[in-house]
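Trainee: This is the structure I have questions about; it appears just below.
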Amino acid sequence: MKKLLTYSAILLAAFTLSLTGCKNKKSTPKKEGEVLLKQYCTGSEYFSNSKYFRANAIGESIDQMTARKKALSNAKASLAGDINTTMKVVSDNYVKSSEFNNKEEVLERFEENARTVVNQSLTGIRTICEEYTKTQEGKFKCYLAIELSGTDIVSKYNERLSKDENLKIDYNYEKFKETFDAEMKKLEDERR
């Protein structure tokens, strides 16, 4: 009987500890002095996906318009970096899959065209979220999210490549678009 009571007590203690352990893992206590912040213009609906490149940023200043300019500048820089990275991968994959004889020269020309297109395309961005807060110090914070259509970039890229006589011979729009769409899908899947 004593063994049964001891065994029951051990089981009860183990069960209680396991419940306590699960409870502690679910709720993380805030440290003293910490405040949970609300972030605006962020979250999955502001991630890049298979149709749009997206970026968000925060700008802070004593002047509201300067806060917006800072946020917009930071968001554009982030967006341009993401587009450049994606276009480099697309160009690399396209050239490799197409197996041009003069791979290196073609790849350099693709990358040069990509930089030009990205610089021109940033004028086509669209603001999809813009929120303002004022800090205790009296500064303005601008939370901003922007997007740029992947289709617009491919169209401008195609237009630019079609004008390059040396690339025009080797360039296949459908194959390039297929490579671009695959990279955009990867980008979306990575952000989930």
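Trainee: When the chain is fully extended, how far beyond the present Cα-Cα distance does SER162 get from MET65, taking 0.36 nm per residue of separation?
Mentor: In short, 30.9 nm is gained.
Trainee: Something else: Would you mind giving the three semi-axes, in whole Å and largest first, of the ellipsoid equivalent to the range 40-183 according to its Cα gyration tensor?
Mentor: Its equivalent ellipsoid spans semi-axes of 36, 14, 11 Å.
Trainee: Restrict the search to the range 66-167; then list the GluC sites (Glu not before Pro) that DSSP places in a loop and that have at most 15 other Cβ atoms within 10 Å of their Cβ.
Mentor: GLU99, GLU137
Trainee: Would you mind checking the pairs LYS51/LYS96; LYS76/LYS185; LYS69/LYS185 and listing those with alpha carbons more than 27 angstrom apart?
Mentor: Pairs exceeding the cut-off: LYS69/LYS185.
Every number in this text was worked out from the coordinates using simple rules, so none of it is lab data. For clarity, every value in this text was computed on a predicted model and none was experimentally measured. Reconstructed Cβ throughout: ideal geometry from the backbone, glycine too, with neighbour counts over all protein chains shown.
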